[in-house]
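The values are calculated or read from the model by the stated rules, or taken from the named source; none is laboratory data. Remember, it's a predicted structure, so these values are computed and weren't measured experimentally. Positions of Cβ are generated from backbone atoms using ideal geometry, with glycine treated the same way; all protein chains shown enter the neighbour counts. Accessible surface areas use protein heavy atoms only, side chains included; no ligands, DNA or RNA. Shrake-Rupley method; radii C 1.70, N 1.55, O 1.52, S 1.80 Å.
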Amino acid sequence: TGASRGIGRSIALALAAAGSPVGLIARDEAKLQAVAAEIVAAGGRAVFRAIDVTDAEATMAAASSLAEELRAQGTPVGLLVNAAGRIDREVALWEADPAEWRAIIETNLVGSFNVSRAVIPHMLEAVNADNAQNTDNAQYCRVVELASGAGAKDWAKASAYTSSKAGVI
């Protein structure tokens with residue numbers, strides 16, 4: 001997630017450069033399409049869906065669609081990197097905008113929950129299929145949550161960001 005820019009984009013490009021097909025999720029479709037095109041131009045494989053991870057239904061549908069598309073290419077889902085994130089204006093808690101505060105919690109914490117909840121069943125499906133076949137290449141899966149040291153510190157500013165990252169931790 002968060003694959004259209006920043007850390008999420010860098011992780012997606014690095015995974016693709018290492019030979020992993022990637023399923024990309026972010027809100028900005030044009031930027032996401034550009035990242036996918038960059039991966040494909042370099043010889044990699046990328047599929048994408050533009051969604052807002054705070055929307056549980058859209059996240060579930062996107063995860064199913066991406067998993068199906070990757071499986072059709074012979075690649076089960078084995079890694080989820082939750083990198084979608086936002087940070088609030090660096091102001092004291094009592095100066096924070098309540099709507100912005102809630103939106104950051106929704107993206108950073110609830111969004112990670114929504115995506116994990118939507119993707120993990122596809123991972124388990126791949127693991128169970130490999131185990132049923134008793135293959136030597138059994139599928140192992142990982143979920144990587146990008147947190148921040150800010151979630152473990154007392155920081156007078158960006159209270160939504162620190163709270164959401166403490167929740168992720």
Problem - With every protein chain in place, the chain: carbon and sulfur % of accessible area (1.4 Å) - result: 53
Handout entry: MRE, 222 nm, helices only [DSSP H, n ≥ 4, -39500 (n - 2.57), over the chain, to nearest 500]
Key = -15500 deg cm²/dmol
Exercise for the section: Report the semi-axes of the equivalent ellipsoid for the chain in whole Å, largest first, where each axis is √(5λ) for an eigenvalue λ of the Cα gyration tensor. Expected result: 31, 18, 14
Exercise for the section: Give a residue-ordered list of calculated ³J(HN,Hα) values for the stretch 79-95 (Karplus: 6.51 cos²θ - 1.76 cosθ + 1.60, θ = phi - 60°; whole Hz; x for Gly, Pro). Expected result: 9, 10, 10, 8, 10, 5, x, 9, 10, 8, 4, 7, 10, 5, 3, 5, 9
Practice task
Taking amide H positions as placed in the peptide plane 1.01 Å from N, state which residues far from Phe48 in sequence (5 or more) or on other chains have amide H under 5 Å from it.
Solution key: Leu24
Handout entry: Formal net charge of residues neighbouring Ala58 (Cβ-Cβ distance under 15 Å; K, R +1; D, E -1)
Key = -3
Exercise for the section: Please sort 96-107, 142-153 by packing, taking for each peptide the average over its residues of neighbouring beta carbons within 10 angstrom, highest first. Expected result: 96-107, 142-153
Handout entry: Qualifying lysines (Cα of each under 28 Å from Cα of Lys31; at least 8 residues distant if same chain)
Key = Lys165
Exercise for the section: For the stretch 58-73, just list the computed ³J(HN,Hα) in residue order, Karplus coefficients 6.51, -1.76 and 1.60, θ = phi - 60°, integers in Hz, with x standing in for Gly and Pro. Expected result: 5, 5, 4, 5, 5, 4, 5, 5, 5, 4, 5, 5, 5, 4, 4, 8
Handout entry: Summed side-chain charge close to Asp88 - residues other than Asp88 whose Cβ falls under 9 Å, Lys, Arg +1, Asp, Glu -1
Key = 0
Problem - For the chain, share of DSSP beta bridges that run antiparallel, in % to the nearest 5 - result: 10
Exercise for the section: Counting only heavy atoms of the protein chains, get the accessible area per residue of the stretch 1-150 (1.4 Å probe) and round it to a whole Å² value. Expected result: 55
